[in-house]
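Enquirer: Below you'll find the structure I mean.
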Amino acid sequence: MADDLGPLVVARRTGSERFTDRTRDLGSDLLSFWRWSASDLVANTTRGVVAEYLVGTAIGCDITGVRDPWAAFDLCSPSGIRVEVKSAAYLQSWHQRRLSTVSFRTRRTRAWDPATNELAEDSKRQAHVYVFALLAREDKATLNPLDASQWQFYVLATSVLDNRTRSQHSITLPILRRLTHHVSHAELAGAVEDAGR
């Protein structure tokens, strides 16, 4: 049994790493796995990670490391603003009779500490700022989640969400549009800094 069962240190991979059975090469590499597992960029879970990446690149986060899916918040700006990214889309990968109704989850959480494997006592929103990323394209033939111009980014200070008298668990697009306007990828850094003051 290992002496140290602390958090695993995850190294950034290249994609060329091979799948093996001990010394026998299984004929595929990590890049093949990534292509198989993450090519559907519209799927809810993958789209959320794409949104985080787009926001991270916009606000100047160091994206040379490895994403931490268990962190209490998604991103931290160079100035120290903690950011939570929520994504939604009108279009889904599956057959649709109509465009999806857009809403975003905004629940309070108990932060998890990977060093101790314990949850915080109090439940709250862990970030200073929320970025609601809407993949706003309404035509499947031209949908491209890699094109930042197809996204709308709505930025809100967490205090605005905390002070709402209505639902504390989610927010709909019409309500969000009453509270703020969308910004482009190029405008995100400034909007996050303004909201985080």
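The values are calculated or read from the model by the stated rules, or taken from the named source; none is laboratory data. Because the structure is a prediction, the values reported are computed rather than measured. Cβ coordinates were reconstructed from backbone atoms using ideal geometry, including for glycine residues, and neighbour counts include every protein chain displayed. For accessibility, only protein heavy atoms count, side chains too; no ligands or nucleic acids. Shrake-Rupley method; radii C 1.70, N 1.55, O 1.52, S 1.80 Å.
Enquirer: Could you grab me the full set of residues in segment 121-152 that are without any contact (Cβ under 8 Å) to a residue 60 or more places away in the chain and of a type in the set (A, V, I, L, M, F, W, C)?
Expert: Selection gives ALA127, PHE132, LEU134, ALA136, ALA141.
Enquirer: Okay, moving on. Quick one: is ARG105 of a type in the set (Lys, Arg) and farther than 19 Å from THR45 by Cβ?
Expert: Numbers: of a type in the set (Lys, Arg): yes; farther than 19 Å from THR45 by Cβ: no.
In short, no.
Enquirer: Could I ask something else about it? Can you tell me which residues in segment 168-197 are open to solvent by 50 Å² or more (accessible area, probe 1.4 Å), within 17 Å of ARG105 (Cβ to Cβ) and either at pLDDT below 95 or not hydroxyl-bearing (Ser, Thr, Tyr) (or both)?
Expert: Within segment 168-197, HIS169, PRO174, LEU179 meet the criteria.
Enquirer: Considering (1) in a loop (DSSP other than H, G, I, E, B); (2) of a type in the set (A, V, I, L, M); (3) closer than 20 Å to GLY196 by Cα, say which one LEU146 fails and leave the rest.
Expert: All conditions are met except number (3).
Enquirer: Could you tell me whether segment 75-92 includes any residue that is among the polar types (S, T, N, Q), closer than 20 Å to SER170 by Cβ and surrounded by fewer than 20 Cβ atoms within 10 Å (Cβ to Cβ)? Step through it out loud before you land on a result.
Expert: Within segment 75-92, the subset among the polar types (S, T, N, Q) is 77, 79, 87, 92.
Next, only the ones that are closer than 20 Å to SER170 by Cβ stay: 87, 92.
Applying the additional criterion that residues be surrounded by fewer than 20 Cβ atoms within 10 Å (Cβ to Cβ) yields 92.
Yes, because at least one residue in segment 75-92 is among the polar types (S, T, N, Q), closer than 20 Å to SER170 by Cβ and surrounded by fewer than 20 Cβ atoms within 10 Å (Cβ to Cβ).
Enquirer: From (1) open to solvent by less than 30 Å² (accessible area, probe 1.4 Å); (2) among the polar types (S, T, N, Q); (3) more than 22 Å from ARG177 (Cβ to Cβ), pick out the condition that doesn't hold for THR45.
Expert: It fails just one condition, (1).
Enquirer: Another question, if that's okay. Please determine, by comparing only the residues of segment 136-147 that are open to solvent by less than 80 Å² (accessible area, probe 1.4 Å) and out of contact with any Leu (no Cβ under 6 Å at 6 or more places or on another chain), which one is nearest to ARG105 (Cα to Cα). Can you show your working first?
Expert: Within segment 136-147, the first condition is being open to solvent by less than 80 Å² (accessible area, probe 1.4 Å), and the residues that meet it are 136, 139, 142-145, 147.
Checking which are out of contact with any Leu (no Cβ under 6 Å at 6 or more places or on another chain) leaves us with 136, 139, 142, 144, 147.
Numbers: ALA136: 17, ASP139: 25, THR142: 27, ASN144: 24, ASP147: 24 Å.
Residue satisfying both the conditions and the ranking: ALA136.
Enquirer: Within segment 112-134, restricting attention to residues that are in a strand (DSSP E or B) and touching a Ser or Thr at 6+ places or on another chain (Cβ under 7 Å), which residue is surrounded by the fewest Cβ atoms within 10 Å (Cβ to Cβ)?
Expert: Here is the first cut: in segment 112-134, the ones in a strand (DSSP E or B) are 112-113, 118-119, 124, 129-134.
Subset that is touching a Ser or Thr at 6+ places or on another chain (Cβ under 7 Å): 129-130, 133.
On the way: VAL129: 27, TYR130: 25, ALA133: 27.
Per the criteria, the residue is TYR130.
Enquirer: Show me the strands (runs of 3 or more DSSP E) found entirely inside segment 1-91 where at least 2 residues are at pLDDT 95 or above and of a type in the set (A, V, I, L, M, F, W, C). Give the derivation first.
Expert: On the way: elements: 18-21, 24-29, 82-89.
Of the strands (runs of 3 or more DSSP E) lying wholly inside segment 1-91, those with at least 2 residues that are at pLDDT 95 or above and of a type in the set (A, V, I, L, M, F, W, C) span 82-89.
Enquirer: Let me ask something else about it. Could you tell me whether ARG98 is within 26 Å of LEU176 (Cα to Cα), open to solvent by 80 Å² or more (accessible area, probe 1.4 Å), of a type outside the set (A, V, I, L, M) and not in a strand (DSSP E or B)?
Expert: Details: within 26 Å of LEU176 (Cα to Cα): yes; open to solvent by 80 Å² or more (accessible area, probe 1.4 Å): yes; of a type outside the set (A, V, I, L, M): yes; not in a strand (DSSP E or B): yes.
Yes; evaluated as a whole, the condition is true for this residue.
Enquirer: Something else about it: Scan segment 101-108 and give yes if some residue there is open to solvent by 50 Å² or more (accessible area, probe 1.4 Å) and in a strand (DSSP E or B), otherwise no.
Expert: Step one: filter segment 101-108 for residues open to solvent by 50 Å² or more (accessible area, probe 1.4 Å), giving 101, 103, 105, 107-108.
Narrowing further to those that are in a strand (DSSP E or B): 103, 105.
Among the residues of segment 101-108, at least one is open to solvent by 50 Å² or more (accessible area, probe 1.4 Å) and in a strand (DSSP E or B), which makes the answer yes.
Enquirer: Quick check: anything in segment 20-34 open to solvent by 70 Å² or more (accessible area, probe 1.4 Å), farther than 30 Å from ASP139 by Cα and in contact with a Pro (Cβ under 8 Å, 6 or more places away or on another chain)?
Expert: From segment 20-34, those open to solvent by 70 Å² or more (accessible area, probe 1.4 Å) are 20-26, 33-34; that's our starting set.
Subset that is farther than 30 Å from ASP139 by Cα: 20-26.
After this cut, where a residue has to be in contact with a Pro (Cβ under 8 Å, 6 or more places away or on another chain) as well, the list is none.
Among the residues of segment 20-34, not one is open to solvent by 70 Å² or more (accessible area, probe 1.4 Å), farther than 30 Å from ASP139 by Cα and in contact with a Pro (Cβ under 8 Å, 6 or more places away or on another chain), which makes the answer no.
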